[in-house]
Amino acid sequence: MSPITKGYKYPYKKVVRRSDPVIRWWQKVIPTEGCWHWTGCITKGYGQLRLEKHKKAELAHHFAYKMFVGEIPSDRELHHTCGNRSCVNPEHLVAVTAQEHSDRHWESRGYKWTPGRRQRFDANRKAE
Ligand SMILES: [Zn+2]
Ligand SMILES: [Zn+2]
């Protein structure tokens, strides 16, 4: 420890704790050309951020959406178009209805939704 830092308490923790959630959010994000990687806590594949002490953690991608796009309508869910749950890039997020959300996930697994039933389809054949 150098004489300068000796006895000096680095206020990092205090500052971080008190600072704006937006700053704390950015501190845990590594933006790239593609997905933005969340380096903070991840639960069930989703990034989490505790906004205030003793309060429920907020989903990191929900926070991103609110910050860049706006409020998430109460009848919508956020879907990752990149399929990467821990991604927090607002451009990879879309607010969809629960039905559409479920359809998108079925589609990503190679199913096509038709009224009344779900049909398996060949994703490669569709591309031809
Ligand atoms: Zn992504
Ligand atoms: Zn989804």
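Pairs spanning more than 27 Å between alpha-carbon atoms, out of Lys44/Lys66; Lys28/Lys112; Lys28/Lys66: Lys28/Lys112. Distant-in-sequence amide contacts of Leu51, defined by a placed amide H-H separation under 5 Å and a gap of 5 or more residues or a different chain, comprise Glu58.
Please give the length that would be gained between Thr97 and Arg76 if that part of the chain were fully extended, namely 0.36 nm times their separation in residues minus their C-alpha to C-alpha distance (nm, one decimal).
Details: separation 21, 0.36 × 21 = 7.56 nm, distance 0.46 nm.
Length difference between fully extended and current span is 7.1 nm.
Simple spin-label estimate for Thr39 and Trp106 gives 4.1 nm between the two label positions (7 Å along the Cα-to-Cβ direction from each Cα). Seen from all sides and averaged, what is the projected area of the convex hull of the Cα atoms in segment 44-106, in nm²? Dividing the Cα hull surface by four gives the mean projection, 4.5 nm².
We did not get these values from a lab; they are worked out from the coordinates using the rules stated. This one's a predicted model, so the numbers in the text were calculated from it and none came from an experiment. In this analysis, Cβ positions are derived from the backbone assuming ideal geometry, glycine residues included, and neighbour counts consider all displayed protein chains.
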